[in-house]
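Structure first, then comments.
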Amino acid sequence: MREADYSERNSLFLKRWVAYISGVEGFVGVLAHGSSTTGQADAFSDIDLICVTEPEWRPSGEDLEEIVSGVGGLVICKRVGIGGAGGVYFCLFEPGFLRVDMMFSSLASLGGLAQRPDFVWDGSQGRIAAKLRDEEFRSPQLDNDDLDHRFWLCVEQATRRLARGEYLEVLDVLAVLRRNFLGPMLFRRANLPP
């Protein structure tokens, strides 16, 4: 897939999503965050969205899944986290299995973000911008002692599994070491956010 196709695919989805969600009662904005706002997106990147609702609107998980399916083309929608007021949902849409991670947050609970999001749609009459104006955006800081202890626990676990002959499990532990320790340490050394 060419980069232009990816950008066009994302743009078409975002236009479709905004046209749909702006008509759903209770929603007041859509924000983008992640690699698309840092300039690091490529042809394999997903779309990360924060869908902002009125403070008093408290949808259930089933309601949110039904709302997400209303845009059309939904292949799967799975709640994967508890961030925000309504949770974080992993979604795949046709065409092309476009992955969209959606966090649902009420205007009142919006905050604690690692980076300044971009507005995709603002129907809040400036309330979202006012809420974010005084927000401090910072990446989670790694605690060196905690990182060190966890690193050595993983090494110990890998050693035990290796001694037992559990070679595939050792590969799993090595992947955890790479993702959770070596990557963040290299980012820290380069003075980049994790």
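The values are calculated or read from the model by the stated rules, or taken from the named source; none is laboratory data. It should be emphasised that the depicted structure is a prediction, and the values quoted were computed from it without experimental measurement. FYI the Cβ positions are ideal-geometry reconstructions off the backbone, even for glycines, and counts take in every protein chain you see. What goes into the accessible areas is simple: the full protein's heavy atoms, side chains included, and nothing from ligands, DNA or RNA. Shrake-Rupley method; radii C 1.70, N 1.55, O 1.52, S 1.80 Å.
Things worth noting here:
- Counting 0.36 nm for each residue step from residue 37 to residue 153 and taking away their Cα separation leaves a gain of 38.3 nm.
- The packing ranking of peptides 177-184, 110-117, highest mean first, is 110-117, 177-184, where packing means the average number of other beta carbon atoms within 10 angstrom of each residue.
- Label point distance in nm, residue 15-residue 80, each placed 7 Å from Cα along Cα→Cβ: 2.7
- Projected label distance in nm at residue 125 and residue 185, using a 7 Å step from Cα toward the beta-carbon: 5.4
- Stretchable slack from residue 167 to residue 45, in nm (0.36 nm times residue separation minus alpha-carbon distance): 40.8 nm
- Element breakdown for the chain at a 1.4 angstrom probe: carbon and sulfur atoms account for 54% of the accessible area.
- Ranked packing of 158-171, 65-78, most packed first, by mean Cβ within 10 Å: 65-78, 158-171
- Correct choice for Cα Rg over 2.2 N^0.38 Å that was computed from the model, options [x] 1.15; [y] 1.07; [z] 1.20: [z]
- Relative to the dominant Cα principal axis of the chain, helix 144-164 is inclined by about 60°.
- Per residue accessible area in Å² of the chain, where ligands, DNA and RNA are left out and the probe is 1.4 Å: 60
- Each peptide in 15-22, 100-107 receives the mean, over its residues, of other Cβ atoms within 10 Å, and ordering these scores from highest gives 100-107, 15-22.
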